[in-house]
Amino acid sequence: MKRYKCAIIGYGYMGKIRHNVVNKIPKLDLKYIIDENINIIPNSYKYIKLNSYKELDFDKIDIIFVCTPNNISPLIIKKALKFNKKIFCEKPPARNLRDVANIRKLKNSSTNLMFGFNHRFHPAIEKAKKLIDSKKFGKVISLRGVYGKSGGINFKKSWRNNIKISGGGILLDQGIHMIDIFRFFCGNFEKIKSFQSNIFWKFDIEDNAFLILKNKNNQLASLHSSSTLWRHTFRIDVTLEKGYFLVEGLLSKTGSYGQEKITYAPRQFENISKAIGNPTETVVYYDTDNSWLNEVKAFLKFIENKSKIKINNIDDAYSAMQIVDKAYKQD
């Protein structure tokens, strides 16, 4: 069995998650863990600790997991692509559209680079996608998503709220996941209306963003992305020609978004003389989150098949960032 030598660059929250995933896949062999704070990296004889990616010998690595802040990840990607390495980079892909466009121009970006939009691999989202693709309920008419959190005690200290590092606020950091799901369900959206505000946290970035989107098929989508909900929330409503479904909750490390489930039902026209207030619905609950693991397995499959990255690739990242960019420019 061929084993791929790996490096994890950035050992914060996501770096630790990727470490756990790598340990679960026998074909992946972790050789390096890199973080500017070398003291947070656990001691082990299995890998080498470095405090800068500039010290990494790229010739000795097959796969690089980039788990750094948004201002650093493009620099690492560009260098790794020069060495023809396979790269798995966390979302957001960069601080802005220009950074992503520059990466997109580079040789091998379409075959060597995948981004961590793991929500596509959540079981309720996978079920929703299967329902859409089955055509059982007809075509999608509209989407409505709410994704938000409450900031937190140390929220003000987070690098995510430093525009020079992050490039944007809650829309770029978290809302981009919902944008990616909208695109996963309906393709790209070309027309965008947006408003943002920062009336609570008062950073140089938004703490609330409202978007309305429309694509070439006249499908509509709305999104509220927020860091002032005071209750972690993930919800997406999908209306189709012959039915509807609702995804609520999100399996996560903390469990703060509630139990993940999907509710769906066929269309039932109301009779004005006998309104149907409670139609018969199917509800499916999920208890296990393998999204982190399954997206890396999908990445590894592309590598082994020596094929172009077909999902969560540079084009997906660019299109999602285009929507974010248009939204920021409107307000």
> Looking at (1) modelled with pLDDT under 95; (2) out of contact with any Phe, Trp or Tyr (no Cβ under 8 Å at 6 or more places or on another chain); (3) on the phi > 0 side of the Ramachandran plot, can you tell me which one G167 breaks?
Replying inline: (1)
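Of the residues K105, K85, K79, which is surrounded by fewer than 23 Cβ atoms within 10 Å (Cβ to Cβ) and under 18 Å from E36 (Cβ atoms)?
Among K105, K85, K79, only K79 is surrounded by fewer than 23 Cβ atoms within 10 Å (Cβ to Cβ) and under 18 Å from E36 (Cβ atoms).
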> When residues of the range 30-51 are filtered for being assigned to a strand (DSSP E or B) and open to solvent by 30 Å² or more (accessible area, probe 1.4 Å), how many remain?
Replying inline: 3
> Based on what the data block shows, is C89 touching a Ser or Thr at 6+ places or on another chain (Cβ under 9 Å) and part of a strand (DSSP E or B)?
Replying inline: yes
>> If a residue must be surrounded by fewer than 20 Cβ atoms within 10 Å (Cβ to Cβ), assigned to a helix (DSSP H, G or I) and of a type outside the set (D, E), how many such residues does the range 304-317 contain?
In response: 1
> Got a number for residues in the range 121-165 being in a helix (DSSP H, G or I) and open to solvent by 20 Å² or more (accessible area, probe 1.4 Å)?
Replying inline: 17
>> Looking at the structure I just gave you, is T280 within 19 Å of the chain's Cα centre (by Cα), at pLDDT below 95 and open to solvent by 50 Å² or more (accessible area, probe 1.4 Å)?
In response: no
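Look through K60, K54, K27, K16 and report the one residue that is out of contact with any Gly (no Cβ under 6 Å at 6 or more places or on another chain), under 20 Å from V296 (Cβ atoms), open to solvent by 70 Å² or more (accessible area, probe 1.4 Å) and modelled with pLDDT of 95 or more.
One residue alone meets the criteria, K16.
The values are calculated or read from the model by the stated rules, or taken from the named source; none is laboratory data. Note that the structure is predicted; figures quoted are calculated from it, not measured. Positions of Cβ are backbone-derived with ideal geometry, glycine not excepted, and every protein chain shown enters the neighbour counts. Note: accessible area is taken over every heavy atom of the protein model, side chains too, but ligands, DNA and RNA are not part of it. Shrake-Rupley method; radii C 1.70, N 1.55, O 1.52, S 1.80 Å.
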